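Below you'll find the structure, written out as structure tokens, and then a few comments.
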Amino acid sequence: MEKVNHKWISAKAYAEATGLGPEKVKQFIRTGKLEGLQTEDGYWKVKVYSEDAVSRKIYEKEVERRIEAETTLEMMKKILLGVKTNEKIN
């Protein structure tokens with residue numbers, strides 16, 4: 001059985017826990033800054049992860065940053081190897 005690493009809480013509870021206003025929380029959900037939804041009954045819910053988890057959005061952003069860093073390192077390695085090779089020729 002897969003462990004659930006999140007729960008849904010009300011926008012009001014999230015606002016109280018973070019010090020944000022409830023309307024700001026709803027705005028963040030609408031703009032995608034917070035992972036959440038509005039129920040059919042009109043209630044706003046925020047997806048909150050356990051301490052050992054991050055949202056998929058954050059995970060994917062970190063994967064992208066790692067790929068960019070590895071690409072940059074590979075390019076720098078090639079440049080440095082080229083400089084080293086040119087020094088031996090001269």
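The values are calculated or read from the model by the stated rules, or taken from the named source; none is laboratory data. These figures come from a predicted structure and were not determined experimentally. Methodologically, a virtual Cβ is constructed for each residue, glycine included, from the backbone with ideal geometry; neighbour enumeration extends over all protein chains shown.
Residues that are under 22 Å from R56 (Cα atoms) and either in contact with a Leu (Cβ under 8 Å, 6 or more places away or on another chain) or not in a helix (DSSP H, G or I) (or both) within the stretch 10-23 comprise S10, Y14, listed in sequence order.
Report yes if E40 is acidic (D, E), at pLDDT 90 or above and either under 23 Å from V4 (Cβ atoms) or assigned by TED's automatic domain parsing to the domain that holds V4 (or both), otherwise no. Lay out the reasoning, then the answer.
Values: acidic (D, E): yes; at pLDDT 90 or above: yes; either under 23 Å from V4 (Cβ atoms) or assigned by TED's automatic domain parsing to the domain that holds V4 (or both): yes.
Yes, satisfied.
Of all residues in the stretch 24-44, exactly one satisfies the criterion of being part of a strand (DSSP E or B), under 19 Å from the mean Cα position of the chain (by Cα) and within 10 Å of Y14 (Cβ to Cβ), namely G36. The single condition from (1) outside any helix (DSSP H, G or I); (2) surrounded by 10 or more Cβ atoms within 10 Å (Cβ to Cβ); (3) at pLDDT 90 or above that K7 fails is (3).
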